[in-house]
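The values are calculated or read from the model by the stated rules, or taken from the named source; none is laboratory data. Please read all numbers here as calculations on a predicted model, not as lab measurements. Here the Cβ positions follow ideal geometry from the backbone for every residue, glycine too, while neighbour counts run over all protein chains shown. For accessibility, only protein heavy atoms count, side chains too; no ligands or nucleic acids. Shrake-Rupley method; radii C 1.70, N 1.55, O 1.52, S 1.80 Å.
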Amino acid sequence: MTIHIGAEPQDIAETVLMPGDPYRARWAAETFLEDVKLVNEVRGMLGYTGTWKGNRVTIQGSGMGMPSLSIYANELIRDLGAKTLIRIGSCGAMQEAVQLRDVILAMTASTISTPSKGFFKELNFAPCADYGLLQAAWASAQAKGTRVHAGGIYSADVFYDERPDLNEQMTRHGILAVEMEAAELYTVAARYGCRALAVLTVSDHLLRHEALPSADRQSSFGEMVEIALEAAFA
Ligand code: HPA
């Protein structure tokens, strides 16, 4: 048991998928896993462990934003034995070439700050994805015929952003999309020698002011779960 996860180490698999939304964790576990067991419901942040093609997997909600994700990633790794952590979530596109429903694999994530920033002092640490996971996720997306992009993203601290000038600079520098968790996931994973990746689906478009209807979100989310599982066990 940890402060925020009511599970023992044997309840948690070495591979953990982390959606922001705990209900998405439940849906993904019920849809894709076999022999599913609820392993956490502290604060309603649902976590499930089951098997996918014979491989043990935990799907644990992370909540929204880096401070929340940081709590779950730290406890999963430090106390519960997680070794491979894959965020599955949504993002807002920041490039014209990216479309709604496209999948983005975050090679790296720029930030203003992460919960880990205090460790680094003057250093601008560059959080980066595990290359093996990234390569396997790319191959999986290509095989499905999914439109996929790999590149830099922005992990923001605020959803209701007041810095259009900063977004313009990121678009100019090729940042593909914005979300709110990946940079801290990559940083915590790096600290403990774990593998991490963020597989994201484009739910809205900042330049075109478009958003995916909620009915379409479920199918995009399902595709992402499959890509994450295939990458984890490639
Ligand atoms: N901003 C931050 N996080 C997001 C967005 C966004 O526009 N869309 C999906 N996650």
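Assorted remarks:
- When restricted to residues that are open to solvent by less than 80 Å² (accessible area, probe 1.4 Å) and more than 16 Å from the ligand (Cβ to nearest atom), the range 127-156 contains 17.
- Residue match in the range 134-154 (condition: touching a residue at least 60 places away in the same chain (Cβ under 8 Å), under 18 Å from the mean Cα position of the chain (by Cα) and within 11 Å of ALA183 (Cβ to Cβ)): yes
- Within the range 157-187, the set of residues being buried (at least 18 other Cβ atoms within 10 Å of the Cβ), over 15 Å from VAL202 (Cβ atoms) and of a type in the set (Gly, Ala, Ser) comprises ALA183 only.
- TYR192 falls short on exactly one of the conditions (1) crowded, with 18+ Cβ neighbours inside 10 Å; (2) among the aromatic types (Phe, Trp, Tyr); (3) more than 15 Å from LEU133 (Cβ to Cβ), and that condition is (1).
- Among residues of the range 67-78, those that are within 16 Å of the ligand (Cβ to nearest atom) and touching a Leu at 6+ places or on another chain (Cβ under 8 Å), counted: 1
- Which listed residue is on the phi < 0 side of the Ramachandran plot and in contact with a Cys (Cβ under 7 Å, 6 or more places away or on another chain), from THR108, THR58: THR108
- Within the range 206-219, residues that are more than 13 Å from the ligand (Cβ to nearest atom) have Cβ atoms under 9 Å from residues that are part of a loop (DSSP other than H, G, I, E, B) in these pairs: ASP216/LEU100; ASP216/ARG101; SER219/ARG101, counting only partners at least 6 apart in sequence or on another chain.
- Residue list for the range 84-100, filter: more than 9 Å from the ligand (Cβ to nearest atom), in contact with a helix residue (DSSP H, G or I) (Cβ under 8 Å, 6 or more places away or on another chain) and not hydrophobic (A, V, I, L, M, F, W, C): THR84, ARG87, GLN95
- Restricting attention to the range 101-126, the residues that are hydrophobic (A, V, I, L, M, F, W, C), within 16 Å of the ligand (Cβ to nearest atom) and either without any contact (Cβ under 8 Å) to a residue 24 or more places away in the chain or under 15 Å from ALA150 (Cα atoms) (or both) total 5.
- The condition of being within 16 Å of the ligand (Cβ to nearest atom) and open to solvent by less than 40 Å² (accessible area, probe 1.4 Å) holds for only one of GLY50, GLY81, GLY61, that being GLY61.
- Strands (runs of 3 or more DSSP E) contained in the range 1-107 and holding at least 2 residues within 21 Å of SER140 (Cα to Cα) and not hydroxyl-bearing (Ser, Thr, Tyr): 15-19, 55-60, 84-93
- Selection count where residues are of a type in the set (D, E, K, R), surrounded by fewer than 16 Cβ atoms within 10 Å (Cβ to Cβ) and more than 14 Å from GLY92 (Cα to Cα), scope the range 197-234: 1
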